[in-house]
1. With the checklist (1) part of a loop (DSSP other than H, G, I, E, B); (2) within 16 Å of the ligand (Cβ to nearest atom); (3) more than 30 Å from I367 (Cβ to Cβ) in hand, flag the one item G286 doesn't pass.
2. Is at least one residue of region 254-263 open to solvent by 10 Å² or more (accessible area, probe 1.4 Å), under 18 Å from the mean Cα position of the chain (by Cα) and away from the ligand (no atom under 16 Å from the Cβ)?
3. As an exercise: evaluate P449 against (1) within 20 Å of G181 (Cα to Cα); (2) buried (at least 20 other Cβ atoms within 10 Å of the Cβ) and give the number of the one condition it does not meet.
4. Answer yes if at least one residue in region 325-339 is in contact with a strand residue (DSSP E or B) (Cβ under 9 Å, 6 or more places away or on another chain), assigned to a loop (DSSP other than H, G, I, E, B), at pLDDT 95 or above and closer than 22 Å to L264 by Cβ, and no otherwise.
5. Go over the candidates G105, G136, G122, G115 one by one and state the one that is over 18 Å from Y545 (Cβ atoms) and within 16 Å of the ligand (Cβ to nearest atom).
6. Go through (1) more than 18 Å from G296 (Cα to Cα); (2) within 16 Å of the ligand (Cβ to nearest atom); (3) at pLDDT 95 or above and name the single condition S141 misses.
7. Considering (1) farther than 23 Å from R608 by Cβ; (2) free of Cβ contacts under 8 Å to residues at least 60 places away in the same chain; (3) among the charged types (D, E, K, R), say which one R556 fails and leave the rest.
8. Only one of these is farther than 21 Å from G256 by Cβ, touching a helix residue (DSSP H, G or I) at 6+ places or on another chain (Cβ under 9 Å), aromatic (F, W, Y) and not assigned by TED's automatic domain parsing to the domain that holds R446: W82, W110, W45, W143. Name it.
Amino acid sequence: MRLTVLTVAVLVPLCAACSRAPQATCAAAPSAAANATPDAAPMAWLDKSLSPNQRAAELVRAMTQDEKLTLVTGYFGVQQEWNYYRFPEARRQSAGFVRGVPRLGFTPQWQSDAGSGVATQGEAPPELERTVLPSGLLTASTWNPALAERGGAMIGSEARATGYNVMLAGGVNLLRDPGNGRNFEYAGEEPLLAGTMVGALVRGIQSNHIVSTLKHFAFNDQETGRNVVNVVVDEAAARSSDLLAFQIAIETGDPGSIMCSYNLVNGVYACQNDWLLNQVLKHDWGFQGYVMTDWGAQHDTRLNANNGLDQETGVARADQYQWLEKLGAAIHAGEVQQSRLDDMVQRIARTLIAKGAIDDPVQPAPIDFAAHAKVSQADAEEGIVLLKNESVLPLGANLKRIAVIGGHADVGVLTGGGSAQVYAPGGNAVPGLGPKHWPGPEVYARSSPLAALRAELPQATISWTDGADVAAAGNAASQAEVAIVFVTQWTAEAMDFSLTLPNEQDQLVEAVARANKRTVVVLETGGPVLMPWLGHVAAALEAWYPGSQGGPAIARVLSGAVNPSGRLALSIPRSLSELPRPEIAGSGLPKGQHFEVHYAEGAAVGYRYYDQKGFAPLLPFGHGLSYTTFAHEGLSARVEGEALKVSFQIRNTGARFGRDVAQIYISPLAANWEAPKRLGAFTKIELEAGAAANATLSVEPRLLAVYDVERHGFRIAAGEYRVTLARSARDPGQSVTVTLPERLLPAGAGVSH
Ligand code: BGC
C-alpha cells in the first residue's frame, strides 16, 4: 500500500534555504502591480520572423518593471502547507513555478526535476507516476551518447505531457567524493565522458521544445554542509576537470539554463560568484541562456544581480529571499543597473523562445508508458556493468535450480532519493523504508528481477529468500546450482553515505558465497561501494539504479539475452585510504558551521589520482566485461590540420553479438600534467560475431593541454605524446606515439561532439 504524505521535512535538507520545511501560515499570492504599458506595440515580440534575440528585446521593451521582476522570481511549486505561496497554477508536487505575464501572452515557467524523469516532491499521488530512466551514473556507464539523448527525449516528453516547460536535469558534477549522496544523479569522474553524456541527455530533453538546466554549477561535490562549504580549487585545475565537464556539456547540449549551486567557491557563494558566472560561463564560454539559483541559494540582491545571476528560484516563505521586491529597490537605489534586470529578462525570454517553449506551449497529454518503458530498458541494458565473471554467466539454459536472495528482488529495483525522486508506474514497491520524509522514503520501482528471471529461464526452479536471515540465505544457496544475491545501497540528496553496504549485506554475501561457489552478486547502488567479498564470489554485476524496467534488464543480462556492454564511469576503491579525502569534509560539524574543503588533488580526479599516486583501485575506470571477446588492431595516430586523429580496428572474436567501448588515453612524454594520462576520446561499437569495424576518432584538444591562467587559454605543449587504445584506465592496451606542435586554444574553445 502506498502512503500519501501531506507534510514534508522533519528531516530537512542540510540547508534551511532549501525550504522543504514546515510553515504554518498561508496567504494569498502577491500580484504584480501593473505599471503603465511602456510600448505602443506590446505584441511585436510574437512575430516569428524575428530572431529569438530580437523577439526577447521586443518583449523587454514592452514590459513594465513589475512584469520584469515577475520573470526573475521563482517559487516552490508544491501545494503543501509549508509553502506560503501555493500558486494554484503551479503543478502539484512540482519543484518550481515562475509566474507568466498574461497581458503579453508570456508563459509561466513550470519547473520539474530531474535527470531520471519527472520527479515529485514528497510521496506521489497516482497521477504523478512516471517512467523512471536509470540513474545518471548508469546512463554514463553506457558510454553511448545516442542512448542518453533518447532517454532525455523520453523524459522530456513526459515533462512536456505533464505540463512542464523547464526540466531541472543535467547533473554533471564530477565524482570527487564516492560517498556523495547525489552521485547517482551525475555521470561519474571523467570530464569528457560526463560532459558528452549529460550534454546528450540535455539535447534530448530540449528536443521537446522545453528548457533543460545543467547543474549544479559548480563544485557541489558533497552534500554534507552543502550550504556552508567553501570549496578551494585552483583555476587551472578546475578548467581541466570539473569546469571542463560543464563546458563540454554546454557545447554538446546547449542547455537553456545553468543552475548555480549552494556552496561557496574560493570564498564566494556560487550564485554570486563573478568568476564562475560572469567571467567563465558568460564571457569565456559565451553562454546565452540564464542562470537560475539552486532552490534558495540566493543570499544578496546586489551581489547576485551584479555577479551574474538571472533568476532566483524556490521561494517558499514570505520572509525568504525575494527579488520581486528587493531587486526593484536595489535598482531604485542605484545598486544594480536597470540594464542588468533587462539582461536577465532578455536571457530568460530569449531562451524560452529559442527552445520552442513559447511557440509550442506545453499541453498536458497522455503518456505512452509502454513505449517509454522500452527506452528506459534499452538504457539499463547497456549501462549495467559486468564487473567479474568466472564462467558462471550467462546463466545456462540447462540450469535447474537457482536461488535468488535479498535486495527486494521479488518486487522491485531501487531508485535514488531527494528532489530527483521519480515514482514508477504502480508506486513504491517497498513502502516504509528509509527516512519518513524528504529526501526519503526509499522508493523501489515495481519491476521485479525475480519475476523477470523466472520468465527468462522457464526451465529452472528459482527460489526466493529475502536475505533477512543469513542462515536461511546460506541454506537456500547451498541447495542451488547458482545463487544470485542482490544488494542495495539507497542514496539521496542532502545526505552523504558510507561506502560500506548498509544492513550487514557484506555478511550476507559472504555467507551465500561460503554456501555456494557459484555466487553472483547484483548491486543496486548510487555510486561505488566497497566490495570486500569480490574475491570470494564467481560473478558481480553493477546495476546502479536501473530504472522502471530494471527487473527485465538485469534478468536479460544474467540470462545472456543481452550481452553486457557497460563500462565503469568511475573507479571502485579498494579501501577508503586510497581516496584524496577518506572522510567527507565537514563530517560531524554542527549544522550551519562554515568549513573549507581544499581540492589538493587539483585536476587529478578519479583514475587520474590513482595513476598519480600509483594506486591500483579494486576496479578501474572504464572496466566492464562482455560475453564475447574483442581484438583491437592497427592503432595509428596523426595530426590532421589542427586535430589529433586516432584510427584503429575492432574485431568481435567471440561467438555472439556484442558492443565494445574503445577508450583512447593520452600521456604526455615531455609535458607535465596532473597525472600520467587522460581519456581523450571514446566510442562504442556494435559488432556481430566475427565482424570488424574501423573507427577514426578526434582527440578532444583541451585534454591535450594544460590551462594557462596567464594566457587565458589551453596550452598544448610541443612534443611527443603516447596514444593508447585500451579497455580501461588500467589496461596497458596498445600504444603509438605522435608529435604535436605547440598550440594555444582560447578558454572558450569548443568542439562539437
Ligand atoms: C536541489 C536541486 C533541485 C531543486 C528543486 C534542490 O534542493 O539541489 O537539484 O533542482 O532542489 O527541487
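1. (2)
2. Scanning region 254-263 turns up at least one residue that is open to solvent by 10 Å² or more (accessible area, probe 1.4 Å), under 18 Å from the mean Cα position of the chain (by Cα) and away from the ligand (no atom under 16 Å from the Cβ).
3. Unmet for P449, out of (1) within 20 Å of G181 (Cα to Cα); (2) buried (at least 20 other Cβ atoms within 10 Å of the Cβ): (1).
4. Within region 325-339, not a single residue is in contact with a strand residue (DSSP E or B) (Cβ under 9 Å, 6 or more places away or on another chain), assigned to a loop (DSSP other than H, G, I, E, B), at pLDDT 95 or above and closer than 22 Å to L264 by Cβ.
5. One residue alone meets the criteria, G122.
6. (2)
7. All conditions are met except number (2).
8. Of the residues listed, the single one that is farther than 21 Å from G256 by Cβ, touching a helix residue (DSSP H, G or I) at 6+ places or on another chain (Cβ under 9 Å), aromatic (F, W, Y) and not assigned by TED's automatic domain parsing to the domain that holds R446 is W143.
The values are calculated or read from the model by the stated rules, or taken from the named source; none is laboratory data. Bear in mind that the values here come from a model prediction, so they are computed numbers and not experimental data. Neighbour counts run over all protein chains shown; Cβ positions are idealised from the backbone, glycine included. What goes into the accessible areas is simple: the full protein's heavy atoms, side chains included, and nothing from ligands, DNA or RNA. Shrake-Rupley method; radii C 1.70, N 1.55, O 1.52, S 1.80 Å.
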